[in-house]
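This report concerns only the one structure given below.
The values are calculated or read from the model by the stated rules, or taken from the named source; none is laboratory data. Computed from a prediction, not measured in an experiment: that's the story for all the values here. Cβ coordinates were reconstructed from backbone atoms using ideal geometry, including for glycine residues, and neighbour counts include every protein chain displayed.
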Amino acid sequence: MTEPKKAASGEMLQGTMDMLILRTLVMGRAHGHTIAHVIENTSEDVLQVEQGSLYPALHRLEDRGWVKSSWGVSENNRKAKFYELTTAGRKQLVAERERWQQVVVAIGRILGEAAE
Amino acid sequence: MNLRRFFSRPAADAELAQELEAHLQHEVDHNIARGMSEEKARRQARLKLGSVRRVHETVWERNSLEWFETMLRDLRYAVRTLSRTPAFTVTAVLVMALGIGANVTLFTVVRSVLLKPLPFREPDRLIQLYEKSPDGRREYSYIAGGMYAAWKKAASSVEQMAIYGTDSINLSGSGGQLPEKLRYAKCSWDLLSMMGVVPEVGRLFVEADDRRAAPATVVLTHGLWMRRYAGDRGIVGKTILLDAKPYTVVGVLPAWFLYPDTQTQLWAPIYHEESSGMMEAVDNHNFFVIARLRRGATMAQALSQVDTAEKQVRAAHPTPSTASGASARTLLDGVVHDAKATLYTLMGATSCVLLIACLNVANLLVARSASRRKETSVRAALGGSRWRLLREQLTESAVLAGAGGALGMLFAWLGTRWLVEARPEMARANAIHMDGVVLLFGLGVVAGCGLLAGLIPSLSFLRGPLLEALQDSSRATSAGHGRVRLRRALLAAEVGLTVVLLTCAGLLLKSYNHLRSTDLGCATQNVLTMRFALPHARYDTAAKTAAFYEQLLPRLRALPGVKAAGVVTTLPGQGYGGDSRFTLPEHPDFAGGAVQDAIVRGADPGYFSALQIPLLSGRFFEDHERLTDARSVIVSKSFARQYFGDEDALGKHILIKDFDGVPPEGFEVVGVVGDTLWALTEQDTAMMYFPLYSGGWPNASIGVRSDGDVTSLALPIQKVLGELDPDLPVSDVLTMDQSIGRSTVDASFTSSMVMAFAVIALVLAAVGLYGVLSYIVTQRTSEIGIRIALGAQRGAVLRLILSDGLRPAWIGLLLGLVGSGFAVQLIRTMLYGTRALDWVLFAEVGMVLALVAGVACAIPAWRASRLDPMQALRTE
């Protein structure tokens, strides 16, 4: 008996979480807490990350080889697990961004037509 | 998803916990920095993070392999259930192990002996050709030298055709080693190279060696080289004495080359060894022929070519001894044909045992699943899928089969080693070993057993409503009719298979006993035999040979403990020993004037009384009948009847052209003696005996009779021979019983093995019957209690239960007897002196089975009739 997979975030479209995480990591290695805050702050708090759901997503990305992790010391002098982008992850980000833009354009067209 | 991550889940989980903890800390720091109190900061952080457990579960699930996990769970569950009933588990595992072990053993042997290609170069192109025996009784018989030459010219579909024959030869003592009588093979020069043999040392034969006039050459087998010459590579080029003649050793064969059998120790070129007369005769059958087919040619083509050649030769030489046809089979078949019937019979027997074992385990599982029927029903009602229930059942039987298989493979390993040791003379016994394919076969058998044993009990919950069981009240008088029916069917099958095994075993045993009790026609108790051959190089005249025998016999008879001694060229039961063509001057037109064939023997005057072969009329030979005075012949009873009919054989003459210095009027028949058999299974008993002292008989067997232990005479006799000729090896020092035992070892082995399997099957079937009936009685305890309480007679209860249990036995017996009728046809060729459809035996088997089934059923039935009704009614 398997449960229906929960969306990465109640507020977010399915699959966008991965892309956002990858995008965040373009700026350099970061730990989960930073990633969550960067996403929230950058979106000016439009996108609320349910922080817990960040971690399964990070693990999934690591499984796919898009990010890699290592333990290190954070800016607050605490131990934390840092993630960084791999080459495959960069490629993936490019691909996902293109796909996303296509989707946005497509949806925009539909909405535009509907508005006429 | 991979297994590594699957197994490292706990570690990953711990790391995740750390990571989440770090996250919390950072969030708390963050909140405090924003001015919250520490307590509030912590609370907000937790709220923001959400359910930590949920994160853990999501990640854990992501890393798990569902199928693998359920399998492990099922496995654990099965092991736990099984270990709760150790008696059942141990029985089932042992039963399976026995069946699997026996099967894998037999498969190992069958594969190594019958299925694996011979170790020669491109063995699938090698075939063996035969002549059909002139009397048509033997499909695959010896070939005459002249026929081989004719075949070789005619057969264009074969690349090469080679001939060989086997014989024995005396290897003289050297360097302090005793003289030895060895088996050796003589072959055309190209035989060894045709088979792809590369010599270990030296060379093989070349065409120039293979002529009568060529210098004598010999190739040693690896075994002889190591044993006799300590692997000395310098042996090549040296001379050894064979039959007192010098032979140059030209090479040594590799260790793997053990053809035609492990006893053959030397090879020599055939055209050098045999007279040109022998190699040209078309009706003197002594040899074997092997051929290598051309690429793309078939055995059928080669056979039709040699068969045509054979028929042409026969048209040109129409003697009764010229065979009328040729036959062929693959070289592998030629090597293993004797082992084939035995091995396939045993394989059949072990398969039956395995099937019975599986049925029995299935039966036990049915009983178990019956007692768990309520549980399964409840689970099904709560939403457990049938597949899930089936999987559990299969896992359980798989665990049983797996454990049984592991133990069975061990049994098989031991069994294979035992078999090789018990039957070293079996064809290709040296090639028997377990390998990857055997292992695969074993795994296949295990899987098959697991499936069979698991699926049968599962049948009932694959179909039909599961919930019925819940409606059965706990006081139901007879539960699960379907299951009882299933178990009865299984039992009937078991009993049927057992009956088949028992009849086959019985028939084989009966033929073996028949064989053992066959009267050879001479004394067999307290008789010691040994053989020797006088080498022609030193015994080159008839006078020398005769003189040797004349000195030997009085000395043998003078030995203390010897009651009687005789010398004959071949003793009864020791083989065919050769035949000769003859004509009857008193019946010139007998059988259209054709030349006749009969077995010949040379016998000393005291031979017949020594071996207690009865004199029916006339007299034995006399001492003065020696050399050219040897003009008499003694014939066997069948010879007299066959060739002289009602006339008195005495005084008639037999003319033989093959012998040197024959009396022109022929040998006069002076006596008629009782028939003796040359082999236990052979019936041609027409024999002619000639005086040994004529001097023309270099091969001899000594037969010595004594009152008591005859084996203690072996050394004194060998000493006597050594005094007469220190360079004369003796062989086959055996009592007559041992010598007969040798020829029946095959029958003895097969029959006792099949019997052993049949007994195992019988025990399994009895256990099955007992188990099922006990179970039924337990199920019906309250019903029986009510019956008794209401006044049923105990005798009636006994009858009721007994008939219940015996019904499947009867059905099985009936089916088994019908099945046996077919099965015995398959082992027909292995039977001797026994009819395949032996009604007495069938009846005996039926009785044995009825008895065993009766006892197995009587115990639970008796127990049922003794039930205390009060107690029975109180049992739930």
Yes/no for B:GLY334 being part of a helix (DSSP H, G or I), over 26 Å from B:ALA493 (Cα atoms) and small (Gly, Ala, Ser): yes
Residues of the stretch A:34-86 satisfying the condition of being basic (Lys, Arg) and more than 16 Å from B:GLU15 (Cβ to Cβ): A:ARG64
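Considering only residues that are within 12 Å of chain B (Cβ to nearest Cβ) and either in a strand (DSSP E or B) or surrounded by 13 or more Cβ atoms within 10 Å (Cβ to Cβ) (or both), which ones fall in the stretch A:41-50? It would help to see each step written out before you state the result.
First, the residues of the stretch A:41-50 that are within 12 Å of chain B (Cβ to nearest Cβ): A:41, A:48-50.
If the condition is that a residue be within 12 Å of chain B (Cβ to nearest Cβ) and either in a strand (DSSP E or B) or surrounded by 13 or more Cβ atoms within 10 Å (Cβ to Cβ) (or both), then A:GLN48, A:VAL49, A:GLU50 are the ones that fit.
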Boolean, B:LEU118 is surrounded by fewer than 24 Cβ atoms within 10 Å (Cβ to Cβ), more than 16 Å from the chain's Cα centre (by Cα) and either among the small types (Gly, Ala, Ser) or more than 25 Å from B:ALA398 (Cβ to Cβ) (or both): yes
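Only one residue in B:GLY703, B:GLY722, B:GLY741, B:GLY708 is outside any helix (DSSP H, G or I) and modelled with pLDDT under 90. Which one? Even if it seems obvious, please write down each step before you answer.
Numbers: B:GLY703 fails: modelled with pLDDT under 90; B:GLY722 fails: outside any helix (DSSP H, G or I); B:GLY741 fails: outside any helix (DSSP H, G or I).
It is B:GLY708.
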B:TYR164 in contact with a helix residue (DSSP H, G or I) (Cβ under 7 Å, 6 or more places away or on another chain), part of a strand (DSSP E or B) and aromatic (Phe, Trp, Tyr): yes
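Does at least one position in the stretch A:94-101 carry a residue that is at the interface with chain B (Cβ under 10 Å from one of its Cβ atoms), modelled with pLDDT under 90 and more than 12 Å from the chain's Cα centre (by Cα)? Spell out the reasoning first.
Of all residues in the stretch A:94-101, those at the interface with chain B (Cβ under 10 Å from one of its Cβ atoms) come to none.
Within the stretch A:94-101, not a single residue is at the interface with chain B (Cβ under 10 Å from one of its Cβ atoms), modelled with pLDDT under 90 and more than 12 Å from the chain's Cα centre (by Cα).
Report whether or not B:LEU98 is within 14 Å of chain A (Cβ to nearest Cβ) and surrounded by 15 or more Cβ atoms within 10 Å (Cβ to Cβ). Working first, answer last.
Numbers: within 14 Å of chain A (Cβ to nearest Cβ): no; surrounded by 15 or more Cβ atoms within 10 Å (Cβ to Cβ): yes.
Considered against the rule, which asks whether it is within 14 Å of chain A (Cβ to nearest Cβ) and surrounded by 15 or more Cβ atoms within 10 Å (Cβ to Cβ), B:LEU98 comes out as no.
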Some residue of the stretch B:359-379 being surrounded by fewer than 21 Cβ atoms within 10 Å (Cβ to Cβ) and modelled with pLDDT of 85 or more: no
Residue pairs meeting the criteria (Cβ under 7 Å; at least 6 apart or on separate chains; first charged (D, E, K, R), in the stretch A:43-72; second outside any helix (DSSP H, G or I)): A:GLU50/A:SER9; A:GLU50/A:GLY10; A:GLU50/B:GLY50; A:GLU62/A:LYS68; A:GLU62/A:SER69; A:LYS68/A:GLU84; A:LYS68/A:THR86
Answer from B:GLU27, B:GLU38, B:GLU131 - the residue that is away from every other protein chain (no Cβ under 14 Å), modelled with pLDDT of 85 or more and surrounded by 18 or more Cβ atoms within 10 Å (Cβ to Cβ): B:GLU131
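State all residues of the stretch B:788-822 that are in a helix (DSSP H, G or I), more than 40 Å from the chain's Cα centre (by Cα) and small (Gly, Ala, Ser); if no residue qualifies, say none. Before you say what the answer is, go through the steps one by one.
Taking the stretch B:788-822 first, the residues in a helix (DSSP H, G or I) are B:788-789, B:794-822.
Those still in the list that are more than 40 Å from the chain's Cα centre (by Cα) too: B:788-789, B:794-804.
Answer for the stretch B:788-822, where residues must be in a helix (DSSP H, G or I), more than 40 Å from the chain's Cα centre (by Cα) and small (Gly, Ala, Ser): B:ALA789, B:GLY795, B:ALA796, B:SER803.
Before we move on, is B:SER83 of a type in the set (Ser, Thr, Tyr), free of Cβ contacts under 8 Å to residues at least 24 places away in the same chain and away from chain A (no Cβ under 12 Å)? Full working, then the answer.
On the way: of a type in the set (Ser, Thr, Tyr): yes; free of Cβ contacts under 8 Å to residues at least 24 places away in the same chain: yes; away from chain A (no Cβ under 12 Å): yes.
Judged against the criteria, B:SER83 is a match.
Quick one: in the stretch B:664-675, of everything that is in contact with a strand residue (DSSP E or B) (Cβ under 7 Å, 6 or more places away or on another chain) and in a loop (DSSP other than H, G, I, E, B), which residue is surrounded by the fewest Cβ atoms within 10 Å (Cβ to Cβ)?
This residue is B:GLU665.
Quick check on B:ARG54: is it more than 9 Å from every other protein chain (Cβ to nearest Cβ) and among the charged types (D, E, K, R)? Outline the logic, then answer.
Values: more than 9 Å from every other protein chain (Cβ to nearest Cβ): no; among the charged types (D, E, K, R): yes.
In short, no.
Is one or more of the residues making up the stretch B:571-580 under 36 Å from the mean Cα position of the chain (by Cα), without any contact (Cβ under 8 Å) to a residue 60 or more places away in the chain and at negative phi? First the steps, then the outcome.
Taking the stretch B:571-580 and keeping what is under 36 Å from the mean Cα position of the chain (by Cα), we get B:571-580.
Within this subset, residues satisfying the condition of being without any contact (Cβ under 8 Å) to a residue 60 or more places away in the chain are B:578-579.
Next, from what is left, pick out any that are at negative phi: B:579.
Looking through the stretch B:571-580, at least one residue is under 36 Å from the mean Cα position of the chain (by Cα), without any contact (Cβ under 8 Å) to a residue 60 or more places away in the chain and at negative phi.
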Candidate set from the stretch A:16-33 (those that are within 12 Å of chain B (Cβ to nearest Cβ) and buried (at least 22 other Cβ atoms within 10 Å of the Cβ)); member that is nearest to A:SER74 (Cα to Cα): A:HIS31
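Out of curiosity, is B:GLY223 in contact with a Pro (Cβ under 6 Å, 6 or more places away or on another chain) and either part of a strand (DSSP E or B) or under 23 Å from B:PRO535 (Cβ atoms) (or both)?
Numbers: in contact with a Pro (Cβ under 6 Å, 6 or more places away or on another chain): no; either part of a strand (DSSP E or B) or under 23 Å from B:PRO535 (Cβ atoms) (or both): yes.
Criteria not met by B:GLY223.
Residue under question is B:VAL249, and the condition is that it be more than 36 Å from the chain's Cα centre (by Cα), at pLDDT 90 or above and assigned to a strand (DSSP E or B); does it hold? Spell out the reasoning first.
Values: more than 36 Å from the chain's Cα centre (by Cα): yes; at pLDDT 90 or above: yes; assigned to a strand (DSSP E or B): yes.
Criteria met by B:VAL249.
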Selected residue (only one of B:LEU773, B:LEU728 is in contact (Cβ under 8 Å) with a residue 40 or more places away in the chain and in contact with a Cys (Cβ under 7 Å, 6 or more places away or on another chain)): B:LEU773
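Tell me which residues, restricted to the stretch B:228-246, are among the basic types (Lys, Arg) and surrounded by fewer than 17 Cβ atoms within 10 Å (Cβ to Cβ). Can you show your working first?
As a first pass, look at the stretch B:228-246 and keep what is among the basic types (Lys, Arg): B:228, B:233, B:238, B:245.
Result: B:ARG233, B:LYS238, B:LYS245.
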Scope the stretch B:57-72; condition away from chain A (no Cβ under 14 Å) and more than 18 Å from B:GLY450 (Cβ to Cβ); matching residues: B:PHE68
Matching residues, the stretch A:51-90, being in contact with a Phe, Trp or Tyr (Cβ under 7 Å, 6 or more places away or on another chain), under 14 Å from A:LEU20 (Cα atoms) and within 12 Å of chain B (Cβ to nearest Cβ): A:LEU58
The stretch B:349-392: number of residues that are over 25 Å from B:VAL772 (Cβ atoms) and in a helix (DSSP H, G or I): 8
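Does B:LYS181 meet the test of being out of contact with any His (no Cβ under 6 Å at 6 or more places or on another chain) and crowded, with 21+ Cβ neighbours inside 10 Å? Show your work before the answer.
Values: out of contact with any His (no Cβ under 6 Å at 6 or more places or on another chain): yes; crowded, with 21+ Cβ neighbours inside 10 Å: no.
So B:LYS181 does not fit the description; no.
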Any hit, the stretch B:183-195, residues being within 31 Å of the chain's Cα centre (by Cα), at pLDDT below 90, under 25 Å from B:ASN430 (Cβ atoms) and not hydroxyl-bearing (Ser, Thr, Tyr): yes
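I'm trying to understand the selection: among the residues of the stretch B:1-11, which are within 11 Å of another protein chain (Cβ to nearest Cβ) and assigned to a helix (DSSP H, G or I)? Spell out how you get there, then give the answer.
Step one: filter the stretch B:1-11 for residues within 11 Å of another protein chain (Cβ to nearest Cβ), giving B:1-2, B:5.
Listed by number, the list holds a single entry, B:ARG5.
Say we look at the stretch B:12-71 and pick out the residues that are assigned to a loop (DSSP other than H, G, I, E, B) and under 60 Å from the mean Cα position of the chain (by Cα); which of these is nearest to A:TYR55 (Cα to Cα)? Lay out the reasoning, then the answer.
Applying the first criterion (assigned to a loop (DSSP other than H, G, I, E, B)) to the stretch B:12-71 yields B:34-37, B:50-51, B:63-65.
Applying the additional criterion that residues be under 60 Å from the mean Cα position of the chain (by Cα) yields B:63-65.
On the way: B:ASN63: 14, B:SER64: 17, B:LEU65: 20 Å.
So, considering only residues that are assigned to a loop (DSSP other than H, G, I, E, B) and under 60 Å from the mean Cα position of the chain (by Cα), the one nearest to A:TYR55 (Cα to Cα) is B:ASN63.
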